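See below for the structure under consideration.
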Amino acid sequence: MKFAVLVFPGSNCDIDCYKAVEDTLGEPVDYVWHTATDLSAYDCILVPGGFSYGDYLRCGAISQFAPVMAEVAKAAEQGKFVLGICNGFQILTEAGLLPGALRRNMSMKFRCHDSVLKVVNNATPFTVDYAKDEEIIIPIAHGEGNYYCDDETLEQLKANNQIVFTYSDNPNGSVDDIAGVSNIQGNVVGMMPHPERAANALLGSEDGKRMFTSILKTWRDRHGAASIR
């Protein structure tokens, strides 16, 4: 299985994502610049956190027009796995690959600390190694993590089981405590917390590690490959 970690001007969690794949899975992983026009070699695309294009206009508003995003949309349509983390989540909503939007935190302050999440949907390619309703510790680091959608969209998210994670301690005012959502097909997930920063005990939590093992497990199940090392 081959991973791509996208890099935009202003990305700052790309190395964290790269190391999480490399250290947790030992699978091939490449940095892919925002000008790339071909992602056909990759099975999973990670859209990392940071401040892409300086967060000008809105977080992710400029990044949605980067050449690589047309390829991300194509990969998502083909059923490949796409995970947007923090700024990556914002980019995916701006690009229309995920519903909703991310607004300023209700407190109007940047929040950076561990957060307790509940795994609402453990049937996505990113969550199969978790138990449903399991509580996990994943850190957050954002100023615009307040997830918003209208009532109609919220009802659709619930009906289609698209709410993947919720906060136990809602740190930003997100609608219905939402921390992460998926597209209808489940192969595209966005979340504000950082699983790549919880992939090693030295970081204070290993709860994010299973997001990466889930991806590889699902891919191997679908492709008949050997079980994870």
Per the C-alpha gyration tensor (a ≥ b ≥ c, the square roots of its eigenvalues), the range 11-133 is rounded if a/c is under 1.5, else prolate if a/b beats b/c, else oblate; here it's rounded
A chain fully extended from Lys109 to Ala61 at 0.36 nm per residue, minus the present Cα-Cα distance, gains in nm 15.2 nm
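Over the range 3-225, with every protein chain in place, what whole percent of the accessible area is carbon and sulfur at 1.4 Å, could you tell me?
Details: 4670 of 9170 Å².
After summing per-atom areas, the C and S share lands at 51 percent.
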Descending packing, highest mean Cβ count within 10 Å first, for 25-32, 92-99 is 92-99, 25-32
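Using the per-residue mean of other Cβ atoms lying within 10 Å as a proxy for protection, in what order, highest first, do the peptides 111-120, 81-90, 147-156, 180-189 fall? Kindly include the intermediate steps, with their values, before the conclusion.
Values: 111-120: 17.8, 81-90: 28.4, 147-156: 15.0, 180-189: 22.4.
Per-residue Cβ counts within 10 Å, averaged per peptide and sorted highest first, yield 81-90, 180-189, 111-120, 147-156.
Under the definition of Cα pairs under 8 Å and six or more residues apart, what whole-number percent is the relative contact order of the chain?
Details: 534 pairs, mean separation 44.3, N = 229.
Result for the chain is 19 percent.
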Per-residue ellipticity at 222 nm attributable to helices in the chain (runs of n ≥ 4 DSSP H, -39500 (n - 2.57) apiece, nearest 500 deg cm²/dmol) works out to -7000 deg cm²/dmol
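Hey, what's the chain come to in accessible area per residue, 1.4 Å probe, Å²? Kindly include the intermediate steps, with their values, before the conclusion.
Details: 9690 Å² over 229 residues.
Heavy-atom accessible area per residue stands at 42 Å².
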So, with points 7 Å from each Cα along the Cβ direction, the Ile15-Glu134 label distance in nm works out to 3.0 nm
For the range 26-89 the mean separation of alpha carbon contacts under 8 Å (6+ apart) over residue count, i.e. relative contact order in percent, is 46 percent
In this structure, the FRET efficiency calculated for Lys74 and Leu203 from their beta-carbon separation, with R0 = 30 Å, to the nearest 0.05, is 0.35
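Calculate, for Val116 and Ser40, the FRET efficiency according to 1/(1 + (r/R0)^6) with r their C-beta to C-beta distance and R0 35 Å; round to the nearest 0.05.
Details: r = 39 Å, r/R0 = 1.10.
My answer for the efficiency is 0.35.
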Note on the range 3-225: alpha-carbon gyration tensor, axes a ≥ b ≥ c; rule is a/c under 1.5 for rounded, else prolate if a/b larger than b/c, else oblate; result rounded
So for the range 3-60, using the alpha carbon gyration tensor with a ≥ b ≥ c as root eigenvalues (a/c under 1.5 gives rounded; past that, a/b versus b/c decides prolate or oblate), I'd call it oblate
Straight-line reach check, Lys158, cutoff 19 Å on alpha carbons, 8 or more apart in-chain or any other chain, hits among lysines -> Lys118, Lys132
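The values are calculated or read from the model by the stated rules, or taken from the named source; none is laboratory data. On a predicted model such as this, the values are computed, not experimentally measured, just so you know. We place every Cβ from the backbone using ideal geometry, glycine too, and count neighbours over all the protein chains shown. With ligands, DNA and RNA removed, areas are computed over all heavy atoms of the protein, side chains included. Shrake-Rupley method; radii C 1.70, N 1.55, O 1.52, S 1.80 Å.
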